[in-house]
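Just below is one structure, and these are the notes that go with it.
The values are calculated or read from the model by the stated rules, or taken from the named source; none is laboratory data. Nothing here was measured: the structure is a model prediction, and the numbers come from that model. Neighbour counts run over all protein chains shown; Cβ positions are idealised from the backbone, glycine included.
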Amino acid sequence: MSTALVSESAPAPTAAPRPRPWLLAARILRMEIRHSAFVWCLPLLVVLFIFDPYRTATSYPALWPLRSTVVLNKFWPDMVIFSAGFAAWAGTREGRRNTSDLLGTTARPAWTRQLCSLAGTTFWVVGAFLAGVVAIYVQTSQQVTWGTPPMSPVIVGAVGLIMVCAVAFTLGALFPGRFTAPIVAVALMLVTLAAFRQAVGSTGGPIPVLSPDGSVPDNDYGLFHHTTIGVPIVQVMVFGGITLAAIGLLGLSPRTGGTGWRGALSAIAAGGARLRTAALALCAVGVALLAVGLGLAGTATGSPAGGYEIPSIDSGIISKSIPYTPVCSSAGSFQVCLHPALRSYLTQVTSAMSPAFTELAGLPGAPVRASEVAQTALPRAVLAGNGDGLITNGVYEFTLNNSVALQPDPSLLQDSFQQDIVHAVIVGSVGEIITSSQAGGAATGFQPNTGTLAQQAVEGGLLEALGLQPYQYPNPTPPSGVAAAAAKFAALPAATQHAWLIANLAALKAGTITLAQVP
Amino acid sequence: MNIELTGVTRSFGSNKAVDGVSLEAGPGVLGLLGPNGAGKTSLLRMLATVLPPSSGQIRLLERDPGRTADRRDIRRRLGYLPQNLGYYPAFTVVEFIEYFALLKEVPSARVPRAVAAAVEGVDLGAKAKSRLRTLSGGMLRRVGIAQAIVNDPDLLLLDEPTAGLDPEQRVGFRALLRSLGETATVVVSTHLVEDVGAACSEVTLMDDGHIVFRGTPADLVTRGEGHAIGDAPLERGYSAVLQAARAAGQGAVAA
């Protein structure tokens, strides 16, 4: 052992004034925000935003529930790869730039500066996301006629992106290297895509429930029914849990300095007992939230109105309808009423139904009013996309979901409603969903109500007189003789048709009139 | 004493980088000389609290760096320039130094003044707003020195601080070292014996993990009298001490 001595004694330790930690962190955060590399990808994100989420949103009908789906369906996945890549890049900074030793001699724990660096990237990520949401929502607010902007997609999206940043940053800090950022970005994007595929495929289990871009509520949500809050709450729980666990892990990271197991242990200890406790507590809270969230997601059931509901959270909410005053228009002797959110379609829908209403006016069972209702109020066959509604007590109850879901087409709208109304008056229901037992288990299928040959001929004749195609059954080829009878009926004067129908509609619907008896 | 080492050893696997070193140092400039692999950088990293010793005791600024609260207090009063300075290219000179001032918990109100003083201290005032990626190697070295002194440290550890500096800058830097050494303990690890002669009040020579010489630069010059190897008196002393230590089997050599 050797000894060296340099003269004089040391000055007495001085008690330096301690700065306020939050002020200090705020100043470091300001520097991190200023130097975040995420800023460099903003122009590319803007272009991507305009050509993908924004363009998609503006092509949808101006309905809050529909337009807001773009936030999680399109914008969120677009943001994931950039957020993950740049957060991981920020996480690798100390390793890449070889500053671990130098920073390891500073008084603040490594956790402080890493959290500031993470917050710097997250600030821009969440800021860019919110700016995009504001653009979509402002544009939508200028067109919608009813409702308020839904906040749950915004909250879920923001928390989801914070989770992506935290996980990517922690991976970057734990495995610093030149290729860490691209690998993490691609890996997290693939995870997102895989979850989305599971959600679309409805494979069951908690993943489809938790996938932000897969959890799109049905159109009725937010219009006729309150949106379920269970799924967003569980998503925020799980994403928040993963975020806290990742941040806690960052506080326990051996990569805060030192090499080898001894260096790792000393680095873990570097922050002191309080920091270790805080990091462990965050990890524990995060894991607990994750576990509870996954447990709740596992209890999710398919909602009758589409999407998922968490029974323990959504109990009672799903059945609550949203009060509204319908908007109506009158044309001749009939009235058409729509949900106020669809006010802009009122003229179009009224003119689409008008010829059929006029043609059938005065017939027994013919509707005198058309009223839009929630999809859940209609039979399963209609829910499955067969027709638009049914006639109940002289009211044609219909949904616009099947007609205007994404791209409203005026001619399709006209064909669809008139065929539906004529079919309802002459034949009856569109059909039913039947369940049959098979060797491999139960199978469901649509059984169309095509009616008798005479009903088909009269229906076809009326539609032909209206200038429409015959009613589209699964098998569109009409039986032999029906087309000829339909053409013959269509050639009759309207007054003659009407008089015959008044006299014979009850017998026609009862099936006692044969094809030969059709004039 | 600002530095008190007692039987400090640091091993990396089977290799003992620092082997049973004891050292005490108060205010002044202590030169740490030695050939490559002598253990200077490992010793400095232990003094900088980034590397724990495998065995032995370390007390810095009359505190125990093994205790969390003490270590944090030491770090507030510590300046460190590593051999290879890592830096963030997008930061400006002022931002980089301010970043370290904040991490060293310099009180917020004092930060602007402390940063300005550090920048002026290394004569980088004209480049204060330049991004680090635009600076030459010598300027980056001065930025490294500035971050080390921004908190007005009581213990300053510099590993090869003059590498990359031109002769004029080196002269200025030696003056800065002498000035800092009046109140703080400055440990300068270097291969350049002229730096030791010009700036250090004490010199310690390490070889193979041991301290093989301690004394003043004049003592080292005396040890080299009559020794053939070396162009300058200090170099002859350096060479003579190493030769004697190796001949004696790495024992301690008193001044």
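Brief remarks follow.
- Which listed residue is more than 7 Å from chain A (Cβ to nearest Cβ), in contact with a helix residue (DSSP H, G or I) (Cβ under 7 Å, 6 or more places away or on another chain) and not polar (S, T, N, Q), from B:PRO112, B:PRO53: B:PRO53
- Against the criterion of being touching a residue at least 24 places away in the same chain (Cβ under 8 Å), of a type outside the set (Ser, Thr, Tyr) and in a loop (DSSP other than H, G, I, E, B), B:LEU51 qualifies.
- Test: residue in segment B:221-242 that is part of a loop (DSSP other than H, G, I, E, B) and closer than 30 Å to B:SER55 by Cβ: no
Yes/no per residue for (1) more than 21 Å from B:THR190 (Cβ to Cβ); (2) in a strand (DSSP E or B); (3) touching a strand residue (DSSP E or B) at 6+ places or on another chain (Cβ under 7 Å); (4) at the interface with chain A (Cβ under 9 Å from one of its Cβ atoms):
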{"residue": "B:MET1", "(1), (2), (3), (4)": "yes, no, yes, yes"}
{"residue": "B:GLY7", "(1), (2), (3), (4)": "yes, yes, yes, yes"}
{"residue": "B:ARG10", "(1), (2), (3), (4)": "no, yes, yes, no"}
{"residue": "B:VAL21", "(1), (2), (3), (4)": "no, yes, yes, yes"}
{"residue": "B:SER42", "(1), (2), (3), (4)": "no, no, yes, no"}
{"residue": "B:MET46", "(1), (2), (3), (4)": "no, no, yes, no"}
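- Subset of segment A:84-99 (residues that are part of a loop (DSSP other than H, G, I, E, B) and either within 12 Å of chain B (Cβ to nearest Cβ) or out of contact with any Ser or Thr (no Cβ under 7 Å at 6 or more places or on another chain) (or both)): A:ARG97, A:ASN98, A:THR99
- Verdict on B:GLU194 being among the acidic types (Asp, Glu) and over 22 Å from B:LEU33 (Cβ atoms): no
- Beta carbons closer than 7 Å, at least 6 apart along the sequence or on distinct chains, pair a first residue in segment B:1-26 that is of a type in the set (Lys, Arg) with a second that is at pLDDT below 90 for B:ARG10/B:LEU51.
- For segment B:74-88, the set of residues classified as assigned to a loop (DSSP other than H, G, I, E, B) and either touching a Phe, Trp or Tyr at 6+ places or on another chain (Cβ under 6 Å) or farther than 17 Å from B:GLY164 by Cβ (or both) consists of B:ARG77, B:TYR88, listed by residue number.
Matching residues to (1) touching a strand residue (DSSP E or B) at 6+ places or on another chain (Cβ under 6 Å); (2) within 14 Å of another protein chain (Cβ to nearest Cβ); (3) among the β-branched types (Val, Ile, Thr); (4) not in a helix (DSSP H, G or I):
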| residue | (1), (2), (3), (4) |
| --- | --- |
| A:ASP101 | no, yes, no, no |
| A:ALA107 | no, yes, no, yes |
| A:GLY120 | no, yes, no, no |
| A:VAL126 | no, no, yes, no |
| A:PHE129 | no, no, no, no |
| A:ALA135 | no, no, no, no |
| A:PRO149 | no, no, no, yes |
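- Unique residue being crowded, with 19+ Cβ neighbours inside 10 Å and not hydrophobic (A, V, I, L, M, F, W, C) when the list is B:ASP219, B:ASP231, B:ASP207: B:ASP207
- Candidates B:LEU81, B:LEU61, B:LEU33 - the one that is touching a residue at least 60 places away in the same chain (Cβ under 8 Å), more than 9 Å from chain A (Cβ to nearest Cβ) and touching a strand residue (DSSP E or B) at 6+ places or on another chain (Cβ under 9 Å): B:LEU33
- Per-region count, segment B:12-56, residues hydrophobic (A, V, I, L, M, F, W, C) and under 15 Å from B:GLY215 (Cβ atoms): 6
- Within the option set A:PHE123, A:PHE82, being assigned by TED's automatic domain parsing to the domain that holds A:LEU250, among the aromatic types (Phe, Trp, Tyr) and surrounded by 20 or more Cβ atoms within 10 Å (Cβ to Cβ) holds for one residue only, A:PHE82.
- Within segment B:9-26, the residues that satisfy the criterion of being within 18 Å of B:LEU155 (Cβ to Cβ) and surrounded by fewer than 23 Cβ atoms within 10 Å (Cβ to Cβ) are B:SER22, B:GLU24, B:GLY26.
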